[in-house]
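Values in this text are rule-based calculations from the coordinates and carry no lab data. Source: prediction; values computed, not measured. FYI the Cβ positions are ideal-geometry reconstructions off the backbone, even for glycines, and counts take in every protein chain you see.
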Amino acid sequence: MRSPIGIFDSGYGGLTILSAIRKQLPQYDYIYLGDNARAPYGTRSFEVINDFTLQAVEYLFAEGCPLVILACNTASAKALREIQQHYLPFSQDPSRRVLGVIRPTVEAIEGFTETGHIGVVATPGTISSHSYEHEIAKLFPDVQVTGQACPMWVPLVEYGESQSPGADYFVRQYLEQLLAQDGDIDTLILACTHYPLLRPKIEAALPEHIKIISQGELVAASLEDYLQRHPEMEQRLSQGGGISYRTTECPEKFAELASIFTGTEVDAVRVRIAP
Ligand code: DGL
């Protein structure tokens with residue numbers, strides 16, 4: 001039986017990845033799961049993020065998805081390795097796959113930076129994991145990476161304040177802190193799937209010569225490539241072009257904010273994923 005691809009985020013941020021994936025690969029079916037009742041994840045401990053992410057993955061597997069994308073940097077940074085190494089090999093169906101967003105983003109940075117200095121803005125969880133530094137060092141050992149935690153940015157997006165004048169203050173504050181650490185940065189990775197919603201404000205606050213890398217298209221291209229290289233997985237995916245939205249919070253509230261991300265009307269269902 002063929003089944004949808006599962007896309008997971010702590011809240012609304014993964015919708016930016018979902019939109020890019022659906023644009024690139026409209027033929028497949030998708031289930032989007034937002035753990036909005038427990039978002040944000042970015043300020044939580046390693047163990048908690050691990051537990052919550054595993055519950056989300058188990059939910060999507062139980063719904064039949066053979067492939068799950070962690071459309072969340074925090075979950076990718078904190079839980080992906082644990083799931084790939086210690087959960088999947090011993091699960092009922094070890095041929096299922098879970099992929100993250102960090103590796104595809106890092107693979108694409110070549111050619112972006114001229115100074116060899118890259119800034120990474122992300123949640124405190126992603127920054128403290130040093131995942132970007134580690135992944136970039138493996139592929140581009142000469143590149144210098146400076147991370148900046150932006151703890152207020154996800155709440156601004158989750159509360160629908162990303163366009164408000166109040167958001168300008170927090171956008172500027174963290175970018176100034178980043179550039180004070182390294183003035184040679186010429187490339188900025190938006191390493192949180194919520195941040196594309198703040199992009200107009202980020203662009204306005206950044207010096208013009210700094211290029212922004214946003215993840216949606218990179219993750220979509222990497223998924224397309226993965227499916228071409230893995231026909232055994234591709235053959236397990238259903239192709240009806242459908243999308244089903246699931247949230248752990250109130251579905252009406254989810255639908256209202258999610259439609260800002262997707263630009264279309266959203267119909268959501270509330271689900272429980274905690275045991
Ligand atoms: N969207 C998630 C990410 O990419 C973070 C949101 C959160 O803190 O829950 O990191």
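See the values below:
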{"item": "Residue match in the range 135-149 (condition: within 15 Å of the ligand (Cβ to nearest atom), charged (D, E, K, R), in contact with a helix residue (DSSP H, G or I) (Cβ under 6 Å, 6 or more places away or on another chain) and in a helix (DSSP H, G or I))", "result": "yes"}
{"item": "Residue list for the range 118-159, restricted to those being of a type in the set (D, E, K, R) and under 20 Å from residue 187 (Cβ atoms)", "result": "133, 135, 138, 142"}
{"item": "Matching residues, the range 57-76, being of a type outside the set (Val, Ile, Thr), within 12 Å of the ligand (Cβ to nearest atom) and not in a loop (DSSP other than H, G, I, E, B)", "result": "70, 73, 75, 76"}
{"item": "Close pairs (8 angstrom Cβ cut-off, 6 or more residues apart or separate chains): farther than 18 Å from residue 72 by Cβ in the range 139-165, within 14 Å of the ligand (Cβ to nearest atom) and assigned to a strand (DSSP E or B) anywhere", "result": "145/120; 146/120; 148/120; 148/121; 148/122"}
{"item": "Residue within the range 87-94 that is in a helix (DSSP H, G or I) and of a type outside the set (Phe, Trp, Tyr) present", "result": "yes"}
{"item": "Wholly within the range 187-275, strands (runs of 3 or more DSSP E) carrying at least 1 residues that are closer than 13 Å to residue 18 by Cα", "result": "243-247"}
{"item": "Residue identified as surrounded by 21 or more Cβ atoms within 10 Å (Cβ to Cβ) and under 25 Å from residue 229 (Cα atoms) among 99, 88, 80", "result": "80"}
{"item": "Residue under evaluation residue 48, criteria (1) assigned to a loop (DSSP other than H, G, I, E, B); (2) without any contact (Cβ under 8 Å) to a residue 12 or more places away in the chain, criterion not met", "result": "(1)"}
{"item": "Residue ID - nearest to the ligand (Cβ to nearest atom), chosen from residues in the range 81-101 that are under 22 Å from residue 195 (Cβ atoms) and in contact with a strand residue (DSSP E or B) (Cβ under 6 Å, 6 or more places away or on another chain)", "result": "100"}
